[in-house]
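The values are calculated or read from the model by the stated rules, or taken from the named source; none is laboratory data. Not measured: the values here are computed from a predicted model. Positions of Cβ are generated from backbone atoms using ideal geometry, with glycine treated the same way; all protein chains shown enter the neighbour counts. Calculation scope for accessible area: heavy atoms of the full protein, side chains included, ligands and nucleic acids excluded. Shrake-Rupley method; radii C 1.70, N 1.55, O 1.52, S 1.80 Å.
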Amino acid sequence: MTNTTHFGFKQVATEDKVNLVRGVFDSVAGQYDIMNDLMSLGIHRIWKRVAVQLSNVRKGEQVLDLAGGTGDLTTLFEKRVGPEGQIVLADINSEMLRTGRDRLIDRGLVGNIRYAQVNAECLPFEDNTFDCVCIAFGLRNVTDKDAALRSMHRVLKPGGRVIVLEFSHPVDKITEKVYDFYSFKLLPKIGKFVAKDEDSYRYLAESIRMHPKQDELKNMMENAGLERCEYFNMSQGIVAVHRGYKI
């Protein structure tokens, strides 16, 4: 019997999801930053800055920016770690990784950044490598989230922390109704108009609804071995930052 998982609201064969997600991000890579601004009305920049602040990354530290996309988080981390530290910008999607690399090089950020095409479920790094592992708006696209969280825990140094910035679930009914209308009625049309890709943005909206709720994700992080786990809601729970430590 074929194992299945969700791809948005659809059920697909588990082994097919990686390629389906890759197709989505191959399609939107060139317009990703523009669409982020439109999807969030520009607020995603604030969400990312809050996540970086909560990471408590300091000079000289080693950071893994998973699902790093076009490099927004890496840019913020680079200022914190300084020339003594290092960031690995990692993504499973080659088009997204190439876009991020080119953008960072254009900004002159070349000295302390490396790049890796990886699957978050089986990170190819040694145990106890990083002071911080951050994944922003990427965990919901991972097929086996539990495996990914265990892998993140493994590559953390003792005292290191995992930061998960992700679209989440509104904490009140009014916000939920407005958000549903925007996500399912307006967002796909914006995607069609700007990125010429309605289906990919419909998937993105559906993938958010299938993502674990705040308390469930906190429990998953604890089950993966992380401790002192907590989360911080932003924009009425539309987005949340989860943080956990390797003790």
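Structure values in brief
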item: Mean residue ellipticity (222 nm) of the chain, computed from DSSP H runs ≥ 4 via -39,500 (n - 2.57), nearest 500; result: -13500 deg cm²/dmol
item: Computed accessible area, ARG49, all protein chains, 1.4 angstrom probe, square angstrom; result: 130
item: Phi-based couplings in Hz for region 69-80 (Karplus 6.51, -1.76, 1.60; Gly and Pro marked x); result: x, 8, x, 4, 5, 4, 4, 5, 5, 4, 5, 7
item: Rounded if a/c under 1.5, otherwise prolate or oblate - region 103-247, Cα gyration tensor axes; result: oblate
item: Mean Cβ neighbour count within 10 Å, used as a protection proxy, ranking 165-174, 224-233 highest first; result: 165-174, 224-233
item: Label-reachable residues, region 136-180, where backbone N falls under 17 Å from a point 7 Å from LEU186's Cα toward its Cβ; result: 170, 174-180
item: FRET efficiency estimate (nearest 0.05) - Cβ-Cβ, LEU41 to ARG98, R0 30 angstrom; result: 0.65
item: Solvent accessible area, Å² - ARG103, 1.4 Å probe, full protein context; result: 80
item: Region 108-207, accessible area per residue, ligands and nucleic acids excluded (1.4 Å, Å²); result: 44
item: Accessible surface of the chain, 1.4 Å probe, proportion on carbon and sulfur as whole %; result: 52
item: Span per principal axis, largest first, for the Cα atoms of the chain (Å); result: 47, 40, 40
item: TYR115 accessible area, assembled protein chains, probe 1.4 Å, Å²; result: 80
item: Folded to 0 to 90 degrees: helix 145-155 orientation relative to the chain principal axis, Cα; result: 10
